[in-house]
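Here is the structure we will look at.
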Amino acid sequence: MSDAVSPKPCPRCGAAGEIRKAGSNRVWVQCAKFGKDGNCSAISRPEANKKDAIASWNRMK
């Protein structure tokens, strides 16, 4: 079993999930087609680390 967890495809449009970071303790996952790159609005809550951000994204429906 691998410890590496990666974002699932976007729950709204199926595009890839991209990990984003701001500062030292704000990490989130958003759709590759979010904002200026497309028309999807899927984005996870900001979390303190990459693992929690991916878990939050992967729970989205």
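The numbers here are math on the coordinates, done by the rules we state, and not lab data. In this text, all values refer to a predicted model and were calculated from it rather than measured experimentally. Backbone-built Cβ (ideal geometry, glycine too); neighbour counts: all protein chains shown.
Please give the helix 50-59 orientation as an angle from the longest Cα principal axis of the chain, in degrees from 0 to 90, rounded to the nearest 10. The two axes meet at around 50 degrees.
Paramagnetic label reach from ASP52 (point 7 Å along Cα→Cβ; backbone nitrogen cut-off under 12 Å): within segment 1-41, residues 25-28.
Taking other C-beta atoms within 10 angstrom as a stand-in for reagent exposure, ILE43, ILE19 fall in the order ILE19, ILE43, fewest first. In the chain, the DSSP-assigned H stretches of four residues or longer account for a calculated mean residue ellipticity at 222 nm of -5000 deg cm²/dmol, using -39500 (n - 2.57) per stretch and the full residue count as denominator. Radius of gyration over Kirkwood radius for the chain, both on Cα atoms: the Rg/Rh ratio is 0.97.
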